[in-house]
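What follows is a single structure, written as structure tokens, with notes after it.
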Amino acid sequence: MRYVYLKPELKDLSQGSRIAFAREFRYLTQDNVSDKLGLTGECKRRSMARYERGDRIPKEERLQEIANILNVNVKCLKEYDFGNGEDMIYILLWMEELYPRMNIDLGLSESLPKESDIKLKRFFEEWNVMKEKRVNLELSYDDYVEWKLQYDFNKGDEYEEDS
């Protein structure tokens, strides 16, 4: 029997759809994740199915466990606050999966004064480099999605504090 891998499709920006996308990207079934979570019984898959449908919202500890199993940054899976700049960058990364032909260019100013704006500028610079590598076929789709699933908005903060 031969299996065909179809890249996962993001259905919407809900937490459940993002969990399902990451699970499928990792070639895992709901049963696989349920087993790794230590769920047992006849309906062990039910919890994962409910999370992915949005019928249940995983508690913070459970969400961290799921993120660890899926080997993704938990911030990719958490519920987002649309007033939080950090959450907005993760939303943009997911929007690119939802609308792959959409060109997201916010044209940020070169002189961003606030600390969070510096982080945003750093993110957009890195994202543009990664998108360019993807367009030039220097980076596979899987590697590009891997970068997005692992992206940490706060990386480099320790270095900046030490400077």
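If you filter the range 25-61 down to residues that are polar (S, T, N, Q) and under 21 Å from Lys78 (Cα atoms), you find that the one that is surrounded by the fewest Cβ atoms within 10 Å (Cβ to Cβ) is Thr29. The residues listed here are Asp55, Asp81, Asp87; of these, the one that is over 19 Å from Leu149 (Cα atoms) and either free of Cβ contacts under 8 Å to residues at least 24 places away in the same chain or assigned by TED's automatic domain parsing to the domain that holds Lys36 (or both) is Asp55.
Of the residues that sit in the range 82-132 and are outside any helix (DSSP H, G or I) and among the charged types (D, E, K, R), which one is modelled with the lowest pLDDT? The qualifying residue modelled with the lowest pLDDT is Glu110.
The values are calculated or read from the model by the stated rules, or taken from the named source; none is laboratory data. Quick caveat, the model's predicted, so the values are computed rather than measured. No Cβ is skipped: glycine too gets one built from the backbone with ideal geometry, and neighbour counts run over all protein chains shown.
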